[in-house]
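**Student:** Below you will find the structure I want to go over with you.
The values are calculated or read from the model by the stated rules, or taken from the named source; none is laboratory data. Keep in mind that this is a model prediction, so the values were computed, not measured. Here Cβ is always computed from backbone atoms with ideal geometry, including for glycine, and neighbour counts include all displayed protein chains.
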């Protein structure tokens, strides 16, 4: 018995009996073919890698800010619980942040009104000298403060730490 599905057996469309399949062209490659596209690809890769490098560098350069804000938050929580023994550390943290961001010879000798003026000049937020005159100085040298520290004081300290302009930026 013969195979009914064998070629030229008369099965299928009789009008297409003598046709052969055409050879299809090769698939279009997704890789760029000309040097201009390769140069554009290299330029984009360079730009992306440079942005990533700068973001990582900025992240590590601003690590001192994140650490200082964590320390300030911890002190604030202690004060809210009634333990005011950590209050003298607030000016220490502010001075340590300034020493990270500015040359030592510009910062080390500042205290009192000069220190508040420096804090005000190094960022664009509310003024320490007008809103909290002498508070940082009092916290540095007194074991307890006679005035309560408002939430605004803590927010302003955090704002200065996070937004001051560094001499190295």
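**Student:** For residue 31, state whether it is surrounded by 12 or more Cβ atoms within 10 Å (Cβ to Cβ) and farther than 30 Å from residue 160 by Cβ.
**Tutor:** On the way: surrounded by 12 or more Cβ atoms within 10 Å (Cβ to Cβ): no; farther than 30 Å from residue 160 by Cβ: yes.
No; evaluated as a whole, the condition is false for this residue.
**Student:** Pairs under 6 Å by beta carbon, first residue closer than 14 Å to residue 84 by Cα in the range 128-151, partner at pLDDT 75 or above and in a loop (DSSP other than H, G, I, E, B), six or more apart or different chains?
**Tutor:** 139/87; 139/88
**Student:** Further question: Just need a number here: residues in the range 101-114 that are part of a helix (DSSP H, G or I) and crowded, with 17+ Cβ neighbours inside 10 Å.
**Tutor:** Count: 2.
**Student:** Follow-up. All but one of (1) at positive phi; (2) part of a helix (DSSP H, G or I) hold for residue 82, so report the exception by its number.
**Tutor:** (2)
**Student:** Of all residues in the range 120-138, which are over 30 Å from the mean Cα position of the chain (by Cα) and either exposed (fewer than 14 other Cβ atoms within 10 Å of the Cβ) or modelled with pLDDT under 75 (or both)?
**Tutor:** 130, 134
**Student:** If you check residue 69 against the conditions, is it under 24 Å from residue 141 (Cα atoms), touching a residue at least 24 places away in the same chain (Cβ under 8 Å), under 28 Å from the mean Cα position of the chain (by Cα) and surrounded by 12 or more Cβ atoms within 10 Å (Cβ to Cβ)? Reasoning before the result, please.
**Tutor:** Details: under 24 Å from residue 141 (Cα atoms): yes; touching a residue at least 24 places away in the same chain (Cβ under 8 Å): yes; under 28 Å from the mean Cα position of the chain (by Cα): yes; surrounded by 12 or more Cβ atoms within 10 Å (Cβ to Cβ): yes.
Here the answer is yes, as residue 69 does meet what is asked.
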